1. Search the stretch 97-112 for residues that are of a type in the set (Ser, Thr, Tyr) and pair each with any residue that is open to solvent by 60 Å² or more (accessible area, probe 1.4 Å) when their beta-carbon atoms are under 7 Å apart and the residues are at least 6 apart or on different chains.
2. State the number of residues belonging to the stretch 163-179 that are open to solvent by less than 40 Å² (accessible area, probe 1.4 Å) and either within 17 Å of Glu62 (Cβ to Cβ) or without any contact (Cβ under 8 Å) to a residue 12 or more places away in the chain (or both).
3. Return the pair list, or none, for Cβ contacts closer than 8 Å from residues in the stretch 49-69 that are over 18 Å from Glu110 (Cα atoms) to residues that are in a strand (DSSP E or B), at least 6 apart or on different chains.
4. Tell me which of these Leu53 doesn't satisfy, since it passes every other one: (1) modelled with pLDDT of 95 or more; (2) over 19 Å from Leu98 (Cα atoms); (3) hydrophobic (A, V, I, L, M, F, W, C).
5. Restricting attention to the stretch 16-33, report how many residues are over 18 Å from Ile64 (Cβ atoms), in a loop (DSSP other than H, G, I, E, B) and among the β-branched types (Val, Ile, Thr).
6. Which ones in the stretch 86-108 are crowded, with 19+ Cβ neighbours inside 10 Å and β-branched (Val, Ile, Thr)?
7. Could you give me the residue pairs with C-beta distances under 7 Å whose first residue belongs to the stretch 11-34 and is closer than 16 Å to Glu101 by Cβ, whose second residue is of a type outside the set (Phe, Trp, Tyr) and open to solvent by 80 Å² or more (accessible area, probe 1.4 Å) wherever it lies, and which are 6+ apart or on separate chains?
8. For the stretch 16-33: of the residues being touching a helix residue (DSSP H, G or I) at 6+ places or on another chain (Cβ under 8 Å) and among the polar types (S, T, N, Q), which is surrounded by the most Cβ atoms within 10 Å (Cβ to Cβ)?
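The values are calculated or read from the model by the stated rules, or taken from the named source; none is laboratory data. None of these values were measured; they are calculated from a predicted model. Don't worry about glycine lacking a Cβ; one is built from the backbone with ideal geometry, like all the others, and counts go over all protein chains shown. Accessible surface is based on the protein model in full, side chains and every heavy atom, while ligands, DNA and RNA are left aside. Shrake-Rupley method; radii C 1.70, N 1.55, O 1.52, S 1.80 Å.
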Amino acid sequence: MKQKLYVVEGTHDETLLKQIDPNIKTVSVGGSQIKEDVIQFLKTYEDKFQIILLLDPDYTGEQIRKRIAKHLVNPTHIFVQKHKAISKNKKKIGVEHLSLEDLKTMLLHEVQELPKTESITLDSLYKLGLSGQIDSKAKRDYLTSKLNLTYSNSKTLIQRLNWLGLSYKDLEDILYASS
């Protein structure tokens, strides 16, 4: 089993992770201006480490995730729920604002990109009410919360559901399970 290497946006994120385990391996990309040497480092050591992308739940974090992921063969993702990553003054959003307990919980929910499957389509989302309907946004929010994913638009949600290898039936069970 490979050692885990967490890719984060900044040094404050690294500091928070090291509070959980001082020996945890991290790489900071230094924000949205990712240096080519960081990407080259990740590509070079992808065989040695399980590379886990743990990025902020905002536009910039998603752009960084996409940019890094396209250079890697099989990255793992941890998605941070936005409402848990808000600063005390409510002005910033980021991994560094998570409580240690929330971070520990999120570290248990890794999402591995599976080989390309097309089990879930836009038509699937529409039939389940996850797209194209008045309450679709609320249903997507519920589903992503249950799956420990960040809220996303339909296109991104399809990609992430397919990464997880979920079927239409799996989504029905989550959405319509009686409590």
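1. From the stretch 97-112, no pairs qualify.
2. Looking only at that region, the number is 1.
3. These pairs meet every condition: Asp58/Ile93.
4. (2)
5. In the first step, residues of the stretch 16-33 are kept if they are over 18 Å from Ile64 (Cβ atoms); the result is 18-25.
Pick out the ones that are also in a loop (DSSP other than H, G, I, E, B) and you get 21-24.
From the residues that got through so far, the ones that are among the β-branched types (Val, Ile, Thr) too are 24.
Qualifying residue count for the region: 1.
6. Residues of the stretch 86-108 that are crowded, with 19+ Cβ neighbours inside 10 Å, as a first pass: 93-98, 103, 106.
Selection gives Ile93, Val95.
7. Sorted first by the residue in the stretch 11-34, then by its partner, the pairs are Ile20/Lys104.
8. Narrowing the stretch 16-33 to residues touching a helix residue (DSSP H, G or I) at 6+ places or on another chain (Cβ under 8 Å): 16-17, 19-20, 24, 26-32.
So of that shortlist, the ones also among the polar types (S, T, N, Q) come out as 19, 26, 28, 32.
Numbers: Gln19: 10, Thr26: 18, Ser28: 16, Ser32: 12.
Checking each candidate, the answer is Thr26.
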